[in-house]
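Here is the structure we will look at, set down as structure tokens.
The values are calculated or read from the model by the stated rules, or taken from the named source; none is laboratory data. Keep in mind the model is a prediction, meaning the values are calculated, not measured. Positions of Cβ are backbone-derived with ideal geometry, glycine not excepted, and every protein chain shown enters the neighbour counts.
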Amino acid sequence: MMNENRMNDGNKINNTAIIYHEDYLKHDAGILHPERKERLIETIKYLNESGLMKKLKSIKPKKATEFDLERVHSSEYIERIKTYSEMGGYQIDMDTYIDEKTFEIAKLAAGGVMLAGDLVMSGNFDNSYALVRPPGHHAKRDKAAGFCYFNNVAIAVRYLQSKYKLKRIMIFDWDSHAADGTMSIFWNDPSVLNISIHQNPATLYPGTGFINQIGGGDGEGYTVNIPMYENSCDSDYIFIIKNFVIPIADSYKPELIIISAGMDSHKDDPLSSICLTERGYSEMSRIFVELAERLCRGRIFAELEGGYNLKALSRSNYEIFKSLLGEASNYKISDNINNISNHTMGIFNELRDLFTKYHRFD
């Protein structure tokens, strides 16, 4: 049943939840680390100053249980992260540090993404956005990496599949870094169409996520990596989404769409060379909200991954929330083929040729 807040004249005012907990600020990734608490502080501040927060319903999550984590991660790995936290801290690698609060806050981040999905699937909200930290998409079954400890989106997927018996879930990850953890978890699984659009991994961490990495076994053709060249901009992404991602989604017919929203693909972010803007995030979000309306009764939610320029992140999150509310800014971004780079056209043609074997393109 459609939410009563939706207007009958076709202009939809969506009932949108923001999932947030002040304890997310307690995780300390290390001195001068880009994944810092101010990422959330600045976004919440901007949402309040803009007045948009008044249109959102703020919901506090609970921690994921260790049983929830074990749907994705091994019990030995979970115990290892727990022990490192109880020890007071541990350096996993040069970028990924565990402090005494990391284990509990990482469980809270996973719980936040689970709640975002629950609110949508239960019909209590039209959509939602989990503003969580630490992020999760680099975490593998038995390995923390890239600022990530538990794979939040994968944990949420397994939880939602168990509770709601979902057979087809689509993830779209626009973080500039390939979602290698998420890819490894769903590699053999056709119940998840896992799409990651990111900077060419030959030029950026994690060094994987190439176009020919398409899944294996029964999951062959359901892992989709879209490696974009440096300086790719809004129009390049919109072209790929409209002409490749939407057709593959039409073929797959997901029952739920999840956006893994990483704004380190913003032009002002220090950690990548992709050149998206707030306009691009607004338009991408709008497109996926409309896609969810058409394919899966509006079931869509977002969860935060990267994004390390505080101004760019807060304003991009603002635009995402506006699109989720049904109040997209309606920026005009040309996806005319004559304005698309040769690099992007080459990627598009290669993707279509590769995935025609697995999905229908009408």
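So the values come out like this:
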| read-out | value |
| --- | --- |
| Residue list for the range 292-312, restricted to those being touching a Phe, Trp or Tyr at 6+ places or on another chain (Cβ under 9 Å) and of a type in the set (A, V, I, L, M) | Leu295, Ile300, Ala302, Leu304 |
| Out of Asp236, Asp269, Asp264, sole residue that is more than 16 Å from the chain's Cα centre (by Cα), assigned to a helix (DSSP H, G or I) and modelled with pLDDT of 95 or more | Asp236 |
| Condition broken by Ile259, with the remaining ones in (1) within 24 Å of Phe147 (Cα to Cα); (2) assigned to a loop (DSSP other than H, G, I, E, B) satisfied | (2) |
| Criterion violated by Lys311 - all others in (1) within 20 Å of Leu256 (Cα to Cα); (2) more than 15 Å from the chain's Cα centre (by Cα); (3) of a type outside the set (Val, Ile, Thr) satisfied | (1) |
| Residue list for the range 149-201, filter: buried (at least 24 other Cβ atoms within 10 Å of the Cβ) and among the small types (Gly, Ala, Ser) | Ala154, Ala156, Ser176, Ala178, Ala179, Gly181, Ser196 |
| Tally, over the range 94-108, of residues that are out of contact with any His (no Cβ under 8 Å at 6 or more places or on another chain), within 15 Å of Glu66 (Cα to Cα) and not aromatic (Phe, Trp, Tyr) | 2 |
| Some residue of the range 41-58 being under 20 Å from Leu271 (Cβ atoms), among the acidic types (Asp, Glu), at pLDDT 95 or above and in contact with a Ser or Thr (Cβ under 8 Å, 6 or more places away or on another chain) | yes |
| Qualifying residue in the range 245-260 (condition: touching a His at 6+ places or on another chain (Cβ under 7 Å), buried (at least 23 other Cβ atoms within 10 Å of the Cβ) and under 27 Å from Met114 (Cβ atoms)) | yes |
| Condition met for Lys54 (free of Cβ contacts under 8 Å to residues at least 40 places away in the same chain, among the basic types (Lys, Arg), out of contact with any helix residue (DSSP H, G or I) (no Cβ under 6 Å at 6 or more places or on another chain) and over 25 Å from Ser162 (Cβ atoms)) | yes |
| Strands (runs of 3 or more DSSP E) completely within the range 14-106 that count 1 or more residues being surrounded by fewer than 21 Cβ atoms within 10 Å (Cβ to Cβ) | 57-59, 89-91, 97-99 |
| Residue within the range 331-344 that is closer than 24 Å to Asn200 by Cβ, in contact with a helix residue (DSSP H, G or I) (Cβ under 9 Å, 6 or more places away or on another chain) and among the charged types (D, E, K, R) present | yes |
| Residue within the range 169-192 that is within 25 Å of Leu354 (Cα to Cα), over 18 Å from the mean Cα position of the chain (by Cα) and not in a loop (DSSP other than H, G, I, E, B) present | no |
| Condition check for Ala106: within 13 Å of the chain's Cα centre (by Cα) and of a type outside the set (S, T, N, Q) | no |
| Selection within the range 146-180 - at positive phi and in contact (Cβ under 8 Å) with a residue 12 or more places away in the chain | Gly146, Phe147 |
| Condition broken by Asp362, with the remaining ones in (1) more than 27 Å from Asp180 (Cβ to Cβ); (2) without any contact (Cβ under 8 Å) to a residue 40 or more places away in the chain satisfied | (2) |
